[in-house]
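Below is one structure, written out as C-alpha cells; the observations come after it.
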Amino acid sequence: MASARRWSSLTRGEVSERVNGATLEAVLERVTFANEETGYTIARVAVERSGGELLTVVGPLLGAQPGESLRLTGRWTSHPRYGRQFEVWSYTTVLPATVQGIQRYLGSGLIKGIGPKMAERIVGHFGADTLRVIEEEPARLTEVPGLGPKRTKMIGAAWEEQKIIKEVMIFLQGVGVSTSIAVRIFKQYGEDSITVVRGEPYRLADEVWGIGFKTADTIAQAVGIAPDSPQRVKAGLRYTLSQAADDGHCYLPAPNLVGDAVKILEVPAELVAACLEELAEAEGVIREQVPAGDSSVPAIYLVPFHRAELSLSGTLRGLLAAPGDRLRAFADVDWAAARTWLAARTGADLAPEQDQAVRLALTEKVAVLTGGPGCGKSFTVRSIVELARAKRAKVILAAPTGRAAKRLAELTGHPAATVHRLLQLRPGGEATFDRDNPLDADLVVVDEASMLDLLLANKLVKAVAPGAHLLLVGDVDQLPSVGAGEVLRDLLAAPAIPRVRLTQIFRQAAKSGVVVNAHRVNSGQSPLVRDFPDFFLFPCEEPEQIAALTVDVAARRIPARFGLDARRDVQVLAPMHRGAAGAGALNAALQEALTPGREDLPERRQGGRVFRIGDKVTQLRNNYDKGAAGVFNGTVGVITGLAPEESRLTVRTDEDESVDYAFDELDELAHAYAVSIHRSQGSEYPAVVIPLSTGAWMMLQRNLLYTAITRARKLVVLVGSRRALAQAVRTRGAGRRHTGLTHRL
C-alpha cells in the first residue's frame, strides 16, 4: 500500500492524462536493453520529485541518448516481475530546465566540444542561464576557464546545427521517421531535408545509406503520395532490382521482376509492367535478351551492372588478345632448370598440377587458379612470384580484405595491398588507376578472388596494363561475393579463360581435421568430430543453450586450453544475424564477457549498440572519405579511444591505421566478436567457433559451412545441433545467380 501511495503521489505530479494516453517528462539516465532489430528499449529515467528513484520505461526509444530530456507519450502498466513501468508509444526531445538536467544534457556528447567535465564548468559558471547564453551570447563562453575563442566557435556552430536538426526531427517524427534515420537524412540534405522529404521521398532510398524503399514508402504515404502513383511504382521496381543485387543477382528476368514488385507494392501487375516499360525507355534500367539454356530471357539490369558486365568481359578479352607480353621471358624458358632453381629456393618440389598452374600464370595473360584447402594454392602462388621476380618482373599482389592481403604478403615475402587501396579508390568510388592510368605491373596476382563482385572486378581488370599478366586465385566452392555477381565461377565456366584446379591434398594437410573436414563437407559427407585434435563438436539443441556455450567456448575455454587471445585469435562465425544464436545476440553476450562496462570508462550508445574501448568492430559500408584512402565494408578493428568531449571514437584497423568516427557516424560500425559467415570471407583466424541452430534452417547450406570451416588456420569448434549440422552438409545451397558474364566471354 505504501508503494502504491508513493507511486500515486508521483504520477499525479508528473503525468497528465490525455485522450491518446499519458505524458511523462523525464531525463534519460541509462539504457539497460535495446533490440536493434525491433527498436524495443528498456531504460531508466529520472523524473522531478521522484526522490532520486529512477523509473523504468519500455518501448521504441532507439536514438535517444543518455542525458537527453524526453517528453514520452504512452501509458502506465504493471509488469508481474518488474512492477510498475511506463510503456512508451512515442517520444520527442525537449531542452532541460534544471541545472542538473542542463549539465547532464551538455555532457552527454550531443554538442561537439563539450564533454562531462567541461559541461560541469560551463553550468557552474552560468547556472540555469546556460542554454540561453549558448543560444544568444555564445561569445561569453570564453568566460569559462579553459574555453578559448576557437572552441567557443565550434560549440556555437554545433549548437546551431543541433537546432536545425531538432526542427527537422520534429517534422520527420510527424511522418513516422525514427531519430536515427532523421539524423542520416539531415546529414545528406541539411536544411533542404524537409523539402526533399515532402517532394521527392523516394530519393531517400537511393541517396541515404541505411534507408530502404520501405522506409521511404512509409514517408511517401505520410506526405500524401498515392499507392498507385507512377513515382511510387518506378521506385518500387528500382528497389526490387537493388534488392536482387543485394542477393547477388546482376539482373532479374522481367517476369520475376514484375512478380516480385507486385508483392512489394500491392498494385496490379499491368500497372507495374507499364511503369517498367517507361523505366526501360528513359529512366535508368536496361532491357536485354540474355541466353539461358537453350533459349533466352528478357533480362532487366540496373545501369551500373549492365555497364560493368560489358566492360569486364570486353577488357578480359582485350587482355587475352593484347599483342605485347610483359613476361615474354617465359615464352621460351627452360622449365626443367626453372623447377630445379625453384626447389632450391623454396625447399620443395612442385606437384604436377602446381607446375601446370605456374606455367599457365607466367605464359597466359589471364589465368584462374582454384582449389580447396591443403591443395597448395599458397605454395603455387609463392612459386609464381619467386620466378617472376627472378626475371626482374614488376609484381603486384592484392586481395579483397586487409587480413587476406597480410597473409598473401607473409607467404610470398612481397608487399600486398587490398584491392581498394591498390586502385586508390576516391570519393564516389572512382579509381585513380584505370584504363587510362594502368598499374605499372608485369604480373598482377589477386588472392581470395571468390570475393570479387562484378563492380570491383571490373575496376580491377580495367587497371591491368595491356601485355601484363593477371592471375586470379580463389576457392570457387566457397560462398560467392557479398556484392552482385559470381565472377570467379563465371570465369571458370567460360572456355576462353585459361584455368587450373588443384585437387591433390598434400600429406601434411591430410593430418589436419580442418582440411579433411572441409573437403568432407564440400563433398556432402559429415565431418569427423572425434578423430582430430583441431576439430570439435559440442552438441546441444536449444538456441539459448547454443548461444551460452558458444560464448563460453570462445571467451574462456579456447583461450585457457590453447593459449589464444579471445579477441584477436578467436572468431565466432554465425550462419545468420538474427535469433538467440545469431551474430547480433552473440555480439552482445561476447561483449559482456570480454569488454564489460565499467563506471570509470566512457562508453557511447548508438541505437541498440554500446561502444567501449577494447571493442572489436567492423565497418558496414564503403566510406571513401575516411582514413588515408577510405575505409571499406568488412574492415575490422579495435576501438582504442573514446572522447565524449570531442564526440568521437578511434578505431585501429587490421591495416594498422587509426580512424576517427564522429558519434553521428557510429551507424557505420557494428561489433565483430561474432560476424556472419558471409562477412568472414577473405579473412583467416587461428580459431573459429561456429554455432549451428535449427533456427537458422534456411541458411544451413553446404557452401556456407564449408566457407566457415576454411576460415580457420588451427582450430574449428562447432557448437549446436547435430540435426542442423546434417542439414548444412546435405543442402547443396542456393542456385546460380542471374549473371551474364559467362556468355559475354
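The values are calculated or read from the model by the stated rules, or taken from the named source; none is laboratory data. It should be emphasised that the depicted structure is a prediction, and the values quoted were computed from it without experimental measurement. Please note: Cβ atoms are built from the backbone with ideal geometry, for glycine as well, and neighbour counts cover all protein chains shown. Just so you know, the surface numbers come from the protein's heavy atoms only, side chains and all, with ligands and any DNA or RNA stripped out. Shrake-Rupley method; radii C 1.70, N 1.55, O 1.52, S 1.80 Å.
Looking only at residues that are under 20 Å from Pro498 (Cα atoms) and out of contact with any strand residue (DSSP E or B) (no Cβ under 7 Å at 6 or more places or on another chain) in the range 327-341, which one is surrounded by the fewest Cβ atoms within 10 Å (Cβ to Cβ)?
Looking only at the range 327-341, we keep the residues that are under 20 Å from Pro498 (Cα atoms), and these are 327-333, 335.
When the remaining residues are screened for being out of contact with any strand residue (DSSP E or B) (no Cβ under 7 Å at 6 or more places or on another chain), the result is 328-333, 335.
Numbers: Arg328: 12, Ala329: 16, Phe330: 19, Ala331: 9, Asp332: 7, Val333: 15, Trp335: 16.
Per the stated criteria, the residue is Asp332.
Condition first: open to solvent by 40 Å² or more (accessible area, probe 1.4 Å), farther than 24 Å from Ala585 by Cβ and of a type in the set (D, E, K, R). Can you find one or more residues in the range 702-720 that meet it? Steps first, please.
Step one: of the range 702-720, the residues open to solvent by 40 Å² or more (accessible area, probe 1.4 Å) are 713-714.
If we keep only those that are farther than 24 Å from Ala585 by Cβ too, we end up with 713-714.
Retained after the next criterion (residues that are of a type in the set (D, E, K, R)): 713-714.
The answer is yes, given that some residue of the range 702-720 is open to solvent by 40 Å² or more (accessible area, probe 1.4 Å), farther than 24 Å from Ala585 by Cβ and of a type in the set (D, E, K, R).
For the structure I just gave you, tell me whether Thr640 is over 26 Å from Thr32 (Cβ atoms), open to solvent by 30 Å² or more (accessible area, probe 1.4 Å) and polar (S, T, N, Q). Considered against the rule, which asks whether it is over 26 Å from Thr32 (Cβ atoms), open to solvent by 30 Å² or more (accessible area, probe 1.4 Å) and polar (S, T, N, Q), Thr640 comes out as yes. Within the range 606-615, the residues that satisfy the criterion of being touching a strand residue (DSSP E or B) at 6+ places or on another chain (Cβ under 6 Å), open to solvent by less than 40 Å² (accessible area, probe 1.4 Å) and either part of a loop (DSSP other than H, G, I, E, B) or not β-branched (Val, Ile, Thr) (or both) are Gly608, Phe611, Arg612, Asp615.
Could you list, in sequence order, all residues of the range 80-126 that are assigned to a helix (DSSP H, G or I), of a type in the set (Gly, Ala, Ser) and over 20 Å from Ala26 (Cα atoms)?
Taking the range 80-126 first, the residues assigned to a helix (DSSP H, G or I) are 99-106, 116-126.
With the extra rule that they be of a type in the set (Gly, Ala, Ser), the set shrinks to 101, 119, 124.
Hit for the range 80-126 is Gly124, nothing else.
Among the residues of the range 529-542, those identified as in contact (Cβ under 8 Å) with a residue 40 or more places away in the chain, open to solvent by 30 Å² or more (accessible area, probe 1.4 Å) and more than 13 Å from Ile690 (Cα to Cα) are Val529, Glu541. Hey, does the range 57-74 have a residue that's modelled with pLDDT of 85 or more, over 29 Å from His577 (Cα atoms) and either open to solvent by 20 Å² or more (accessible area, probe 1.4 Å) or of a type in the set (Ser, Thr, Tyr) (or both)? Yes, the range 57-74 contains a residue that is modelled with pLDDT of 85 or more, over 29 Å from His577 (Cα atoms) and either open to solvent by 20 Å² or more (accessible area, probe 1.4 Å) or of a type in the set (Ser, Thr, Tyr) (or both). Can you find, within the range 342-398, the residue that is farthest from Tyr706 (Cα to Cα) among those that are open to solvent by less than 40 Å² (accessible area, probe 1.4 Å) and polar (S, T, N, Q)? Going through the qualifying residues, I end up with Thr346. If I filter the range 301-324 for residues that are more than 19 Å from Ala496 (Cβ to Cβ) and part of a loop (DSSP other than H, G, I, E, B), do I get at least one hit? Looking for residues that are more than 19 Å from Ala496 (Cβ to Cβ) and part of a loop (DSSP other than H, G, I, E, B), one finds at least one in the range 301-324, hence yes.
For Phe632, the criteria (1) crowded, with 18+ Cβ neighbours inside 10 Å; (2) farther than 30 Å from Gly733 by Cβ; (3) among the aromatic types (Phe, Trp, Tyr) hold in every case but one, which is (2).
Total residues in the range 487-507 satisfying the condition of being open to solvent by less than 10 Å² (accessible area, probe 1.4 Å) and in a loop (DSSP other than H, G, I, E, B): the figure is 2. Report whether or not Val223 is farther than 30 Å from Ser313 by Cβ, in contact (Cβ under 8 Å) with a residue 12 or more places away in the chain and either under 27 Å from the mean Cα position of the chain (by Cα) or crowded, with 22+ Cβ neighbours inside 10 Å (or both). In short, no. Scanning the range 616-629 for residues that are touching a strand residue (DSSP E or B) at 6+ places or on another chain (Cβ under 7 Å) and open to solvent by less than 50 Å² (accessible area, probe 1.4 Å) returns Lys616, Val617, Thr618, Gln619, Leu620, Asn623, Lys626, Gly627.
Which residues, taken from the range 579-621, are touching a residue at least 60 places away in the same chain (Cβ under 8 Å) and among the polar types (S, T, N, Q)? Passing the criteria: Asn587, Gln591, Gln606, Thr618. Residues that are touching a helix residue (DSSP H, G or I) at 6+ places or on another chain (Cβ under 7 Å) and open to solvent by less than 20 Å² (accessible area, probe 1.4 Å) within the range 681-695 comprise Gln681, Gly682, Ser683, Ala687, Val688, Val689, Ile690, Pro691, Leu692, Ser693, listed in sequence order. Here Ala409 does not fit the description of being of a type in the set (A, V, I, L, M), assigned to a loop (DSSP other than H, G, I, E, B) and at pLDDT 90 or above.
Mind checking whether some residue in the range 145-154 is modelled with pLDDT under 85, under 21 Å from Leu666 (Cβ atoms) and surrounded by 13 or more Cβ atoms within 10 Å (Cβ to Cβ)? Within the range 145-154, one or more residues are modelled with pLDDT under 85, under 21 Å from Leu666 (Cβ atoms) and surrounded by 13 or more Cβ atoms within 10 Å (Cβ to Cβ). Quick one: in the range 488-521, which of the residues that are among the polar types (S, T, N, Q) and modelled with pLDDT under 90 is nearest to the chain's Cα centre (by Cα)? The residue in question is Ser512.
Counting residues in the range 549-558 that are open to solvent by 40 Å² or more (accessible area, probe 1.4 Å), of a type outside the set (D, E, K, R) and not in a loop (DSSP other than H, G, I, E, B) gives zero.
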